[in-house]
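The values are calculated or read from the model by the stated rules, or taken from the named source; none is laboratory data. Please read these numbers as outputs of a predicted model, since none were measured by experiment. Glycine also receives a Cβ, built like all others from the backbone with ideal geometry; neighbour counts cover every protein chain displayed.
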Amino acid sequence: MSTVPQWATLGEWLGLVARGVTFRTASRVSLIVGTILSAVNQGAVIASGDAGPATAVRVVFNYLVPFTVASVGYLAPFRAPRGAPAGPAKD
């Protein structure tokens, strides 16, 4: 039997992400998608040497958004029904 990372509130979801439950999966997705997005959206600016702080912020978001989406997708099936206690459950 394995335990599944059940959650019911945004705080519990954030706690699971902060503890690294989604890190392995979400970081791989983020690395691939973030690199593609950065190359497509900021590649010319970076290659020309004109990248500044605003470009750096955009690149960070190019990695942060896919990480968040992958984390949501990873944890979505483990959401506890309303009114049910969240926490480790037996599968």
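Miscellaneous remarks
- Residues (part of a helix (DSSP H, G or I), touching a residue at least 24 places away in the same chain (Cβ under 8 Å) and aliphatic (A, V, I, L, M)) located in segment 1-31: Leu16, Val17, Ala26, Val29, Leu31
- Of all residues in segment 52-77, none that is farther than 27 Å from Val4 by Cβ and modelled with pLDDT under 95 has its Cβ atom under 6 Å from the Cβ atom of a residue that is among the polar types (S, T, N, Q) and not in a helix (DSSP H, G or I), 6 or more apart or on another chain.
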